[in-house]
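Just so you know, all these numbers are worked out from the coordinates, no wet-lab data involved. All values derive from a computational prediction rather than experimental measurement. Using ideal geometry, Cβ is built from the backbone for each residue, glycine included, and neighbour counts are taken over all protein chains shown.
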């Protein structure tokens, strides 16, 4: 495992981990969601599954998250996640492990970032695994009550208790900025094999929203539901089930 810091386009530090395969069959980028990090258990598990299938993996902390990269959480948005992904891939292009096409795997905000990249550069992406993905602003708004949205917009802040992660504060501009990103508008470009996974109890990016995207995907596709799982896969049983699904899918790409 190689851990290092690189600079993004804003001259901010990005913490990156590269885990090389001695008999590399492919390359996979693995991306965390809002408030998680490259060292979250589910992100490490996604990465390990690719490594077990002889893929070199790259995982990183975006800026404005809870990991080791620069920035503060309250400034997080899709653009900063997406641009950091672009910058990590651009850095990887001059490394000796780089190869195309590669696989993109992400969770939640990381998932929409990887899917948006795949829509923009489909020729570079061998396969896509957007788990519990954000899809667009309209669907995201449906996961809040009218009162919650009105209060968020009026005060300028969303304040929530995220348990082990503590209280978080997120600017209203986070929701406004989501309007720039809608996976459904260019979904016809996602012709590569795509694996979608969502928790049965996910109330952030629920199954009914995942089904909308899944139904519009034009290529080879799979959608799996993890019983009793919330938005983020954290329990050992849920992580094991996701590993089994991901492992079988990776092998099917050979």
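Report, to the nearest 10°, how far helix 41-52 tilts away from the longest principal axis of the Cα atoms in the chain, using its own Cα long axis and a range of 0 to 90°.
So the helix axis and the longest Cα principal axis differ by about 20 degrees.
Over the range 54-127, what is the relative contact order in whole percent, taking alpha-carbon pairs under 8 Å and six or more residues apart?
Relative contact order for the range 54-127 comes out at 23 percent.
Which value in deg cm²/dmol, rounded to the nearest 500, describes the helix-derived mean residue ellipticity at 222 nm for the chain, given -39,500 (n - 2.57) per DSSP H run of n ≥ 4 and division by the residue count?
Theoretical 222 nm ellipticity from helices: -10000 deg cm²/dmol.
On each of the three principal axes of the Cα atoms of the range 20-152, give max minus min coordinate, whole Å, ordered largest first.
Ordered largest first, the range 20-152 gives principal extents of 54, 29, 24 Å.
Return the whole-Å distance between the Cα centroid of the range 140-218 and the Cα centroid of the range 59-87.
17 Å
If I build a Gaussian network model for the chain, linking alpha-carbon pairs within less than 10 angstrom, which residue out of 162, 91, 172 has the largest mean-square fluctuation?
Among 162, 91, 172, the largest mean-square fluctuation in the Gaussian network model of the chain belongs to 162.
Convex hull over the alpha-carbon atoms of the range 13-61: what's its volume per residue in Å³?
For the range 13-61, the hull spanned by Cα atoms encloses 61 Å³ per residue.
Taking 0.36 nm per residue of sequence separation and subtracting the Cα-Cα distance, how much length would be gained by fully extending the chain between residue 165 and residue 120, in nm to one decimal?
12.9 nm
Using alpha carbons only, what's the Rg to Rh ratio of the chain with Rh from Kirkwood?
Over the Cα atoms of the chain, Rg/Rh equals 0.94.
Give, in nm to one decimal, the length gained when the segment between residue 99 and residue 252 is fully stretched (0.36 nm per residue of separation minus the Cα-Cα distance).
Using 0.36 nm per residue and subtracting the Cα-Cα distance, I get 53.1 nm.
Determine, from the Cβ-Cβ distance of residue 150 and residue 200 and an R0 of 25 Å, the FRET efficiency 1/(1 + (r/R0)^6), rounded to the nearest 0.05.
It comes to 0.25.
Sticking with the crude label model, points 7 Å out along Cα→Cβ, report the distance from residue 24 to residue 141 in nm, one decimal please.
Once both label points are built, they end up 4.4 nm from each other.
Take every Cα pair under 8 Å in the chain that's 6+ residues apart, average their separations, divide by the length, and report that relative contact order as a whole percent.
Over the chain, the number comes to 17 percent.
Working only with C-alpha atoms, what are the Rg and Dmax values of the range 148-254, expressed in angstrom?
Values for the range 148-254 (Cα only, Rg and Dmax): 16.9, 52 Å.
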